[in-house]
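Reading through the structure tokens given below for one structure.
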Amino acid sequence: MGGEITWKCIPTGQPNAGKFIFTMKVYRECGGILFTNYQTLNSTTPAGNIPMSLLAGWPKDLSPDCNIGGFGGTTVTEITCAGAELSGADNTGAVSEYVYRSGPIQISGVPPASGWTFSWGSCCRNPATNVTGMPYWKLRAKMFPYNAQNTYPCFDNSPVFAEVARTVISAGYPFEYNHNAYDEELDVLQFEWG
């Protein structure tokens, strides 16, 4: 369904200083396929692909708190991942979040002007009426060069998104969403929807 790829630079004075730790958040529609405990982040860097492990305590159920059974004393059915996984029903609004993290990764070199790409994809996407004929989906993040500076030792973190993903939005009502994106070094942030 979606997700985010971010990286953190291990600061001077810490073990593995100058290396990166990558984090990948992936959101899964609970009626769909399960994700494994280990994933590989594809990378066009000299370090190659990056192994990642599911963090302890994940996946977490991000399903919304809703009254989907009606009002005025009628039965209320809660939306949960457990319910969607048992029934196998798609598009119930039940969503889980998986968070994967790498070990310390040394990346040496200067990214090209087009940047280094970090990506991960899934063969299977949840059914959607507005996206047909696209059975897969992909997450992508780019690391661009800065003043032709070598990335080792690292000097820059990626932007991060502090807001929890919203999974169900009421049709016919205005909706505004702020990812609460921020950058530790206060770099300028630019967003592009693909």
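The values are calculated or read from the model by the stated rules, or taken from the named source; none is laboratory data. Since this is a predicted model, take the numbers as computed values, not measurements. Heads up, the Cβs are rebuilt from the backbone with ideal geometry, glycines too, and the neighbour counts pull from every protein chain shown.
Applying the selection to the stretch 10-35, what residues are within 15 Å of the chain's Cα centre (by Cα) and within 30 Å of P64 (Cα to Cα)?
F22, T23, M24, K25, V26, Y27, R28, E29, F35
Rundown of residues vs (1) loosely packed, with under 14 Cβ neighbours inside 10 Å; (2) under 20 Å from T117 (Cα atoms); (3) at pLDDT 90 or above, yes/no style:
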{"position": "L139", "(1), (2), (3)": "no, yes, yes"}
{"position": "K142", "(1), (2), (3)": "no, yes, yes"}
{"position": "P159", "(1), (2), (3)": "no, yes, yes"}
{"position": "A165", "(1), (2), (3)": "no, no, no"}
{"position": "F175", "(1), (2), (3)": "yes, no, no"}
{"position": "Q190", "(1), (2), (3)": "yes, yes, no"}
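How many residues are charged (D, E, K, R) and either exposed (fewer than 15 other Cβ atoms within 10 Å of the Cβ) or in contact with an Asp or Glu (Cβ under 6 Å, 6 or more places away or on another chain) (or both) if we restrict to the stretch 26-60?
1
Which of the residues belonging to the stretch 1-15 are touching a strand residue (DSSP E or B) at 6+ places or on another chain (Cβ under 9 Å) and assigned to a loop (DSSP other than H, G, I, E, B)?
M1, I10
Among the residues that make up the stretch 118-126, is at least one of them surrounded by 12 or more Cβ atoms within 10 Å (Cβ to Cβ), among the basic types (K, R) and either assigned to a loop (DSSP other than H, G, I, E, B) or at pLDDT 95 or above (or both)?
Yes, the conditions are met somewhere in the stretch 118-126.
Select from the stretch 95-117 the residues that are polar (S, T, N, Q) and in a strand (DSSP E or B) and write down the one among them that is modelled with the lowest pLDDT.
Filtering the stretch 95-117 for residues that are polar (S, T, N, Q) and in a strand (DSSP E or B), the one modelled with the lowest pLDDT comes out as S96.
Would you point out which residue out of I68, I169 is part of a loop (DSSP other than H, G, I, E, B) and either closer than 23 Å to H179 by Cα or modelled with pLDDT of 70 or more (or both)?
Result: I169 is the single residue among I68, I169 that is part of a loop (DSSP other than H, G, I, E, B) and either closer than 23 Å to H179 by Cα or modelled with pLDDT of 70 or more (or both).
Just give me the residues in the stretch 5-15 being within 26 Å of C124 (Cβ to Cβ) and surrounded by fewer than 19 Cβ atoms within 10 Å (Cβ to Cβ), in sequence order.
If the condition is that a residue be within 26 Å of C124 (Cβ to Cβ) and surrounded by fewer than 19 Cβ atoms within 10 Å (Cβ to Cβ), then T6 is the only one that fits.
Output the residue which, of all residues in the stretch 20-46 that are assigned to a loop (DSSP other than H, G, I, E, B) and touching a strand residue (DSSP E or B) at 6+ places or on another chain (Cβ under 6 Å), is modelled with the lowest pLDDT.
Here the residue is C30.
Here is a check on your reading of the model: is T92 in contact with an Asp or Glu (Cβ under 9 Å, 6 or more places away or on another chain), modelled with pLDDT under 80 and not charged (D, E, K, R)?
yes
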